[in-house]
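Enquirer: The structure's right below; bear with me while I get my questions together.
The values are calculated or read from the model by the stated rules, or taken from the named source; none is laboratory data. Predicted, not measured: the structure shown is a model, and the values here were computed from it. Note that we place each Cβ from the backbone using ideal geometry, even for glycine, and neighbour counts take in every protein chain shown. Note: areas computed on protein heavy atoms with side chains; ligands, DNA, RNA excluded. Shrake-Rupley method; radii C 1.70, N 1.55, O 1.52, S 1.80 Å.
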Amino acid sequence: MSNKFNYKKSLGQNFLYDENICKRIVDSANIDRDTLVIEIGPGGGAISKYIIDKCGYLVMYEIDERLISGLNNLLCGYNNYEIIVGDFLKEDIKEKIDGFKYKRVYVVANLPYYITTPIITKLIDDEVFPDKIVIMIQKEVASRLSATVGGRDYGSLTVFLNYYYDIKKLFDVSRNCFMPKPNVDSAVICMDLKNERFFIKDIKLFKRVVRDSFRYKRKNLRNNLKEYDLEKIENVLKGYGFDLGVRAEELSLDIFIDIVNSISDDNNSLL
Ligand code: SAM
């Protein structure tokens, strides 16, 4: 990027300039010509230029119009890409990718950190379900998403995303690798879509119960889920050797699923 570029903090514009890290991110995604890649926020094209050499087609979503001509110049030797100028969160991603016939759809990106969670949840809520998501995010968020049950970072988003994806942290990235230098460190995570998922009767209820279970971190399930059928919930917990005094952070994904399925029998889970 030119030194004169006026970076917008409000758009999470911290551009990666360490070429080794750029390559490492793209290499760890194992992209091939049968892969359609979605990149959110290509910026100056730091990782796009490596992705495009490997993928079948690259669809980029960039909100900042000032970056588009630079990106087109950088990628001028290629014809397997398009740039959609706009807010990724407002775009119809499903409709876009349904128009392509690639074996796999991946997301590879250095995300704008201010909308990390909305971006990931959009990919699920809009049923895009990329086969693989390799993203650079804030280090603390990476720890949360890849946390294991019982750990300090284990939370509702961990449980929810673990229903769909196997998530692992790949490597940390120092703040010194960015221009301008951000106030936080970063990490790259890889999320692989699970081939099989447990059956959940009511996915919206699952989301709600998981969120409510973690609502007050210090409170137990009896308090956090008092609006639900506690008798049914306790029955499930007993089967796993717990009672209503347990805290959400001690419960694995399969226990949450059992709880939700036990209270969603009659579509009327809230008392
Ligand atoms: N990929 C580049 C890199 O690694 O150097 C830039 C990454 S920078 C952290 C985030 C990028 O996302 C910026 O280019 C920013 O303009 C873009 N962006 C921010 N909000 C966006 C949104 N809602 N939709 C699409 N792009 C967005």
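Enquirer: Restricting attention to segment 15-63, report how many residues are open to solvent by 60 Å² or more (accessible area, probe 1.4 Å) and among the β-branched types (Val, Ile, Thr).
Expert: Residues meeting the conditions: 1.
Enquirer: Quick check: anything in segment 200-213 within 17 Å of residue 109 (Cα to Cα) and touching a helix residue (DSSP H, G or I) at 6+ places or on another chain (Cβ under 8 Å)? Lay out the reasoning, then the answer.
Expert: If we filter segment 200-213 for residues that are within 17 Å of residue 109 (Cα to Cα), which is where we start, we get none.
Within segment 200-213 (the criterion being within 17 Å of residue 109 (Cα to Cα) and touching a helix residue (DSSP H, G or I) at 6+ places or on another chain (Cβ under 8 Å)), the answer is no, since none of the residues qualifies.
Enquirer: Would you mind finding the one in 78, 102, 154, 163 that is under 27 Å from residue 13 (Cα atoms) and either in a loop (DSSP other than H, G, I, E, B) or hydroxyl-bearing (Ser, Thr, Tyr) (or both)? Break it down stepwise before answering.
Expert: Working: 102 fails: under 27 Å from residue 13 (Cα atoms); 154 fails: under 27 Å from residue 13 (Cα atoms); 163 fails: under 27 Å from residue 13 (Cα atoms).
That would be 78, the only listed residue that is under 27 Å from residue 13 (Cα atoms) and either in a loop (DSSP other than H, G, I, E, B) or hydroxyl-bearing (Ser, Thr, Tyr) (or both).
Enquirer: Looking at residue 31 and the list (1) over 19 Å from residue 131 (Cα atoms); (2) part of a loop (DSSP other than H, G, I, E, B); (3) more than 10 Å from the ligand (Cβ to nearest atom), which single condition is not satisfied?
Expert: It fails just one condition, (1).
Enquirer: Is it the case that residue 23 is within 21 Å of the chain's Cα centre (by Cα) and farther than 25 Å from residue 121 by Cα?
Expert: Values: within 21 Å of the chain's Cα centre (by Cα): yes; farther than 25 Å from residue 121 by Cα: yes.
So residue 23 fits the description; yes.
Enquirer: Any idea how many residues of segment 86-99 are part of a loop (DSSP other than H, G, I, E, B), more than 11 Å from the ligand (Cβ to nearest atom) and modelled with pLDDT of 95 or more?
Expert: 1
Enquirer: Any idea which of (1) more than 13 Å from the ligand (Cβ to nearest atom); (2) under 17 Å from residue 111 (Cα atoms); (3) acidic (Asp, Glu) is the one residue 39 doesn't satisfy?
Expert: Residue 39 satisfies all of (1) more than 13 Å from the ligand (Cβ to nearest atom); (2) under 17 Å from residue 111 (Cα atoms); (3) acidic (Asp, Glu) except (1).
Conditions tested, residue by residue: (1) over 17 Å from residue 149 (Cβ atoms); (2) in contact (Cβ under 8 Å) with a residue 12 or more places away in the chain.
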| site | (1), (2) |
| --- | --- |
| 197 | yes, yes |
| 207 | yes, yes |
| 219 | yes, yes |
| 225 | yes, yes |
| 228 | yes, yes |
| 241 | no, no |
| 252 | no, yes |
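Enquirer: Next question, about the same structure. Output the residue which, of all residues in segment 198-217 that are assigned to a loop (DSSP other than H, G, I, E, B) and closer than 17 Å to residue 249 by Cβ, is least open to solvent (accessible area, probe 1.4 Å). Don't jump to the end; show me each part of the working.
Expert: Start the filter on segment 198-217 by keeping residues that are assigned to a loop (DSSP other than H, G, I, E, B), which leaves 198-202, 214-217.
This time we only want the ones that are closer than 17 Å to residue 249 by Cβ, so: 214-217.
Details: 214: 24, 215: 123, 216: 129, 217: 97 Å².
Per the stated criteria, the residue is 214.
Enquirer: Considering only residues of segment 64-85 that are within 23 Å of the chain's Cα centre (by Cα) and surrounded by fewer than 19 Cβ atoms within 10 Å (Cβ to Cβ), which is nearest to the ligand (Cβ to nearest atom)?
Expert: Selected residue: 64.
Enquirer: Something else about it: So residue 106 passes all but one of these: (1) more than 10 Å from the ligand (Cβ to nearest atom); (2) touching a residue at least 60 places away in the same chain (Cβ under 8 Å); (3) among the aromatic types (Phe, Trp, Tyr); (4) open to solvent by 30 Å² or more (accessible area, probe 1.4 Å). Which condition number does it fail?
Expert: (4)
Enquirer: I need the full set of residues from segment 161-184 which are in contact with a helix residue (DSSP H, G or I) (Cβ under 9 Å, 6 or more places away or on another chain), open to solvent by 50 Å² or more (accessible area, probe 1.4 Å) and of a type outside the set (S, T, N, Q), in order please.
Expert: Listed by number, the residues that qualify are 169, 170, 172, 181.
Enquirer: Please state which of the following conditions residue 123 fails to meet, knowing it meets all the rest: (1) outside any helix (DSSP H, G or I); (2) in contact (Cβ under 8 Å) with a residue 24 or more places away in the chain.
Expert: (1)
Enquirer: For segment 218-241: of the residues being open to solvent by 80 Å² or more (accessible area, probe 1.4 Å) and not charged (D, E, K, R), which is nearest to residue 25 (Cα to Cα)?
Expert: Only one residue tops the list, namely 240.
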